[in-house]
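All remarks here apply to the structure that follows.
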Amino acid sequence: MSDFAFAPNPNCVTPDARAALLADPGFGRVFTDHMAMIRYADGKGWHDAKVVARGPIPMDPATAVLHYAQEIFEGMKAYRHPDGATALFRPFANAARFNRSATRLAMPELPEEMFVGSVEALLRADADWMPSIDGASIYLRPFMFASEVFLGVKPSAEYLYLVIASPSGNYWKGGARAISIWVSDQYTRAAPGGTGAAKCGGNYAASLPAMAEATAHGCDQVVFLDAVERRYVEELGGMNVFFAFDDGSIATPALSGTILEGITRDSLMMLARDEGLTVREEPYAIDQWRADAASGHLREAFACGTAAVVTSIGEVRSANGNFTIGAGGPGQLTERLKDRLVAIQRGTQADPHGWVHRIGPN
Ligand code: PLP
Ligand code: COI
């Protein structure tokens, strides 16, 4: 997997400056010294795999992605284990999802070994960038875009695949233990037949007015309802959602083609089943959510994703009024599932499902 040419950055950040950045990296603002890169051209396939100094990627103004948004991405994290090793969590699941997104956006698939190899090669080059503060990790952002210089509307004949790495702390400002969410009644995220199940940049661009509305209502995130009936809870702007009930069961919206198939979502379902909990994937209506919260049948709700990890939802606000879940703070089951997941990711508990992918020296 290590057939990536390496051209070390001659101007790496100094150790002192790096230590200062890693003391409080926040999310998505600090970047490492290098990036991985692979080119694709019709007829030639994937070629020119390398790790180089991180820097601007000059673009012709007619580059296709700037006009028609043929772009996809992934999000994954690397953790430092107690024995000093760096480990990824289910990276082949990200590789497979990347290819499903590629297919939906009429882009070429990247061999899974190359996807994981690119992330490994970058992490090897930037091993010194792992923050040591509590809860920190290196967030990896593999992405691919249409790089052909052409204004015709058609799948590009050329693509650039890149991976950048961002040492990160908590996703939530202030390290929120329970978040508030805004129910968007004006905007939907994805319609049947659309791109909701793909991780393409356009989905996130289209979610921004709804997210701005959430912020204007004092909320941390937005939750979208289905585009057909405007009734069923789908997911948050960048996270899946779960509900925990007083009978010990948990539920999450079923994958319907409009929801992103989260790797955290899938992992939590398995961990909950390991505990003997009943897990359902089924539609859940917003009115039901409100009624169940009021009756106490719903005990907890939580958001989950790579960036956000697992976070309780304390309050739901909407044009039809607000409601609180439980006491509005972190839920017990939520915290337990989160602790279990994080312990596996960070190598402090056994990994019964073989999810941890340790990165060797080369
Ligand atoms: N849903 C959306 C829209 C997302 O952007 C993400 C984040 O990647 C998720 C769900 C959670 O997916 P995962 O757990 O694979 O990070
Ligand atoms: C991730 O969790 O990896 C995402 O891509 C979500 C985004 C909101 C940061």
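Some points to look at:
- Percent accessible area from carbon and sulfur atoms, the chain, protein chains only, probe 1.4 Å: 52
- Paramagnetic reach from ASP3 in segment 32-48 [backbone N under 12 Å; point 7 Å along Cα→Cβ]: 46-48
- Residues with amide H under 5 Å from that of TYR187, placed H, sequence gap 5 or more: none
- Within the shell of other residues whose beta carbon sits under 13 angstrom from the beta carbon of VAL228, the net charge comes to 0, with Lys and Arg scored +1 and Asp and Glu -1.
- Sequentially through segment 58-67, phi angles give Karplus couplings (6.51, -1.76, 1.60; θ = phi - 60°) of x, 9, 5, x, 9, 4, 3, 4, 5, 10 Hz, Gly and Pro residues having no value and appearing as x.
- Applying 0.36 nm per residue to the separation of ILE57 and GLN288 and subtracting their alpha-carbon distance, the gain on full extension is 78.3 nm.
- Candidate cross-link partners of LYS173 among the aspartates and glutamates, defined by an alpha-carbon separation under 19 Å and a same-chain spacing of 8 or more, comprise ASP24, ASP134, GLU213, ASP220, GLU315, GLU335.
- Whether segment 56-211 is rounded, prolate or oblate, judged on the alpha carbon gyration tensor where a/c under 1.5 counts as rounded: oblate
- A simple spin-label model places the labels of ALA327 and ASP351 3.6 nm from each other, with each point 7 Å out along Cα-to-Cβ.
- 5 Å binning of all Cα-Cα separations within segment 125-231, expressed as whole percents from 0 upward: 2, 9, 13, 14, 16, 17, 14, 10, 5, 1
- Solvent exposure of the chain as accessible area per residue, Å², 1.4 Å probe: 43
- Net length gained if the chain between SER256 and ALA69 were fully extended (0.36 nm per residue, minus Cα distance): 65.0 nm
- Charge dipole magnitude, Cβ of K and R +1, D and E -1 - the chain, Cα centre, debye nearest 20: 280
- Interatomic Cα distance distribution for the chain, bins of 20 angstrom, percent: 28, 58, 14, 0
- Gap separating the Cα centres of segment 12-75 and segment 148-205, nearest whole Å: 16
The values are calculated or read from the model by the stated rules, or taken from the named source; none is laboratory data. What you see is a predicted model, and the numbers here were worked out from it, not measured in a lab. Cβ: placed from backbone, ideal geometry, glycine included. Neighbour counts: every protein chain shown. Accessible surface is based on the protein model in full, side chains and every heavy atom, while ligands, DNA and RNA are left aside. Shrake-Rupley method; radii C 1.70, N 1.55, O 1.52, S 1.80 Å.
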